[in-house]
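Let me begin by presenting the structure, written as structure tokens, before commenting on it.
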Amino acid sequence: MSNGLLQDRVVVVTGGSSGNGRAIALAVAAQGARAVVVADVLAEPREGGRATHEVIGGDSVFVSCDVSRPESVEEAIAAADPLGGVDVLVNNAGIVGPASPVTGMAVDDFDRVLAVNLRGTFLGCRAAGRGMAARGSGSIVNVASIAGVQGSRTSAAYSASKAGILLMTQTLAFELGSSGVRVNSVLPGIIQTHMTTVDRPLASDAYDATVAKVPLGRLGTPDDIANAVVYLASDLAGYVTGTSLVVDGGLIATIS
């Protein structure tokens, strides 16, 4: 696409094979990105179909990446070097973990959720932020959740990890702003992805009750999140940094 919002940018999307990440990768490509590095532990989308980087084509590539491992994240960011370096990083990879009250939660389960969600975001920001700061430009978009601002039963690890992402985003905005790097976050509400339909499926009655609480009358789609990411990554948000963009159909406004 000519004159896209992300024309000629090199974009790295973690967790880019499926769900929100796949939608984000396809959206940035549609907005003119020169190349998309799809970083994920799985090459093929869990929903089936062709691999994301194959759908995009061009110079886009897939990089196997476990975001909880520093060397793996460094390799994913380095994959953009032959393309000129990372212009946009989207830290999207995340897991929800087993549903459990804090008093019954296994330490390993807690640690795993924080390792992927919070540590993974930290590692991505650290690896990409160095090159962006040296070049004097760049945009980082961290995918958090409304769970980071509103607790819920049996999701302490997930909520803690997402709350940490929000404050890390604000801190990095302070740290990198003088270098011309913007850092923002997106807070999805309940989005129809593998995570909500398979990992933590809603029973039909719970689904209807949840939808009824959303002022806009529907659950979100991955495209809703992708559109928000594109905005924050683009020059349209050139004076926006350290912010948290809630994309939940108004759900958080109904929670007291």
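Values for this structure:
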| quantity | calculated |
| --- | --- |
| Verdict on Gly48 being at pLDDT 95 or above, assigned to a loop (DSSP other than H, G, I, E, B) and on the phi > 0 side of the Ramachandran plot | no |
| Count of segment 58-68 residues which are surrounded by fewer than 21 Cβ atoms within 10 Å (Cβ to Cβ) and either closer than 11 Å to Val10 by Cβ or without any contact (Cβ under 8 Å) to a residue 24 or more places away in the chain (or both) | 2 |
| Every residue from segment 215-250 that is at pLDDT below 95 and surrounded by 14 or more Cβ atoms within 10 Å (Cβ to Cβ) | Leu219 |
| Identity of the residue in segment 168-205, part of a loop (DSSP other than H, G, I, E, B) and β-branched (Val, Ile, Thr), that ends up modelled with the highest pLDDT | Ile190 |
| Meets criteria (assigned to a loop (DSSP other than H, G, I, E, B), at pLDDT 95 or above and either touching a His at 6+ places or on another chain (Cβ under 6 Å) or within 16 Å of Val116 (Cα to Cα) (or both)) for Gly32 | no |
| Matching option when the condition is farther than 30 Å from Ala134 by Cβ and crowded, with 24+ Cβ neighbours inside 10 Å, among Ala76, Ala23, Ala43 | Ala23 |
| Residues of segment 172-189 classified as among the small types (Gly, Ala, Ser), more than 15 Å from the chain's Cα centre (by Cα) and more than 14 Å from Ser234 (Cα to Cα), total | 4 |
| Test: residue in segment 10-22 that is more than 15 Å from the chain's Cα centre (by Cα) and not in a loop (DSSP other than H, G, I, E, B) | yes |
| Residues satisfying the stated conditions in segment 133-167, i.e. touching a residue at least 12 places away in the same chain (Cβ under 8 Å), farther than 18 Å from Ala226 by Cα and part of a loop (DSSP other than H, G, I, E, B) | Gly136, Ser137, Val149, Gln150, Arg153, Thr154 |
| Test for Val90: is it assigned to a helix (DSSP H, G or I), in contact (Cβ under 8 Å) with a residue 60 or more places away in the chain and either of a type in the set (A, V, I, L, M, F, W, C) or under 21 Å from Ser145 (Cα atoms) (or both) | no |
| Residues that are of a type outside the set (A, V, I, L, M, F, W, C) and under 30 Å from Ala78 (Cβ atoms), drawn from segment 109-135 | Asp111, Arg112, Asn117, Arg119, Gly120, Thr121, Gly124, Arg126, Gly129, Arg130, Gly131, Arg135 |
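The values are calculated or read from the model by the stated rules, or taken from the named source; none is laboratory data. Nothing here was measured: the structure is a model prediction, and the numbers come from that model. Note that we place each Cβ from the backbone using ideal geometry, even for glycine, and neighbour counts take in every protein chain shown.
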